[in-house]
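Engineer: Handing you this structure, nothing more for now.
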């Protein structure tokens, strides 16, 4: 059976080489680091959150981390996957983003009650360059599973960015808008509330819905 990751919140002194020392201890315990986030990094100290898959119990690793001179505190925490789960990202015009969010939050609530973990993030943005940069950045966000583009007109560099992130496995849902972005998306939905609902259904393990089984891609 595949082992789940554990979360480690490590507080250290502020100096260079901290990550090198911490990851070295984890490597000696055959820990596979699946995620690392630097929460604070100042001369006064740093806080770093790791998600690590271990072959054995975490206690020996925690003990050895605490022995390091640079370490002030080590705490076992739940992973963000267990708390916030899969992420739906919605971006575009403020009014459309808000309507998509209504559908996504309502649908996520229905699945989370049944044991799923899905969170919804939004950012109102305008401008071809700003939106293209934001689309590409979604592929770098941890746990992001679907992107919904909500607006009245999107194309050009945004379309190029959509095609790029789809290559990474990210699901892209677009409102039925002017421009070339709908042609590049996995799914095109006219109603913004329904777009949010379908994005959540597409990534939820508790839903019997897959984009690949749809006979058409525009709704």
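The values are calculated or read from the model by the stated rules, or taken from the named source; none is laboratory data. Just so you know, these numbers come straight off a predicted model, no measurement behind them. Cβ placement follows ideal geometry from the backbone for every residue including glycine, while neighbour counts extend to all protein chains displayed.
Engineer: Restricting to the range 160-219, give me the number of residues that are on the phi > 0 side of the Ramachandran plot and either touching a strand residue (DSSP E or B) at 6+ places or on another chain (Cβ under 8 Å) or in contact (Cβ under 8 Å) with a residue 60 or more places away in the chain (or both). Can you show your working first?
Structural biologist: Narrowing the range 160-219 to residues on the phi > 0 side of the Ramachandran plot: 169, 179.
Of the ones still in play, those that are also either touching a strand residue (DSSP E or B) at 6+ places or on another chain (Cβ under 8 Å) or in contact (Cβ under 8 Å) with a residue 60 or more places away in the chain (or both) are 179.
Final tally of qualifying residues: 1.
Engineer: Just one of (1) under 13 Å from residue 90 (Cα atoms); (2) crowded, with 16+ Cβ neighbours inside 10 Å trips up residue 137, so point out which.
Structural biologist: Status for residue 137: all satisfied but (2).
Engineer: Go over the candidates 5, 101 one by one and state the one that is at pLDDT 95 or above and surrounded by 17 or more Cβ atoms within 10 Å (Cβ to Cβ).
Structural biologist: Sole residue among the options that is at pLDDT 95 or above and surrounded by 17 or more Cβ atoms within 10 Å (Cβ to Cβ): 101.
Engineer: Further question on the same structure: Applying the selection to the range 67-96, what residues are farther than 29 Å from residue 162 by Cα and surrounded by fewer than 13 Cβ atoms within 10 Å (Cβ to Cβ)?
Structural biologist: Correct list: 67, 69, 73, 75, 76, 78.
Per-residue answers, yes or no, for (1) under 22 Å from the mean Cα position of the chain (by Cα); (2) assigned by TED's automatic domain parsing to the domain that holds residue 140; (3) at negative phi; (4) crowded, with 17+ Cβ neighbours inside 10 Å:
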residue	(1), (2), (3), (4)
11	no, no, yes, no
16	no, no, yes, no
22	no, no, yes, yes
34	yes, no, yes, no
37	yes, no, yes, no
40	yes, no, yes, no
43	no, no, yes, no
50	yes, no, yes, yes
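Engineer: So if I check each of 107, 116, which one is in a loop (DSSP other than H, G, I, E, B), surrounded by 18 or more Cβ atoms within 10 Å (Cβ to Cβ), modelled with pLDDT of 90 or more and not assigned by TED's automatic domain parsing to the domain that holds residue 28? Give the steps one after another, and end with the answer.
Structural biologist: Working: 107 fails: in a loop (DSSP other than H, G, I, E, B).
Result: 116 is the single residue among 107, 116 that is in a loop (DSSP other than H, G, I, E, B), surrounded by 18 or more Cβ atoms within 10 Å (Cβ to Cβ), modelled with pLDDT of 90 or more and not assigned by TED's automatic domain parsing to the domain that holds residue 28.
Engineer: Looking at 137, 161, 146, 132 in this structure, which one is within 23 Å of residue 80 (Cα to Cα), assigned to a helix (DSSP H, G or I) and at pLDDT 95 or above? Reasoning before the result, please.
Structural biologist: Numbers: 161 fails: within 23 Å of residue 80 (Cα to Cα); 146 fails: assigned to a helix (DSSP H, G or I); 132 fails: within 23 Å of residue 80 (Cα to Cα).
Testing whether each residue is within 23 Å of residue 80 (Cα to Cα), assigned to a helix (DSSP H, G or I) and at pLDDT 95 or above leaves just 137.
Engineer: Hey, another quick one. Restricting the search to the range 168-193, which residues are in a helix (DSSP H, G or I) and in contact with a helix residue (DSSP H, G or I) (Cβ under 6 Å, 6 or more places away or on another chain)? Steps first, answer last, please.
Structural biologist: Initially, the range 168-193 is screened for residues in a helix (DSSP H, G or I), giving 181-184, 192-193.
Answer for the range 168-193, where residues must be in a helix (DSSP H, G or I) and in contact with a helix residue (DSSP H, G or I) (Cβ under 6 Å, 6 or more places away or on another chain): 181, 184, 192, 193.
Engineer: Next question. Tell me, which helices (runs of 4 or more DSSP H) lie completely within the range 1-88 with 1 or more residues that are under 30 Å from residue 150 (Cβ atoms) and out of contact with any strand residue (DSSP E or B) (no Cβ under 7 Å at 6 or more places or on another chain)? Spell out how you get there, then give the answer.
Structural biologist: Numbers: elements: 18-28, 59-66, 80-83.
Once the helices (runs of 4 or more DSSP H) in the range 1-88 are filtered for at least 1 residues that are under 30 Å from residue 150 (Cβ atoms) and out of contact with any strand residue (DSSP E or B) (no Cβ under 7 Å at 6 or more places or on another chain), what remains is 80-83.
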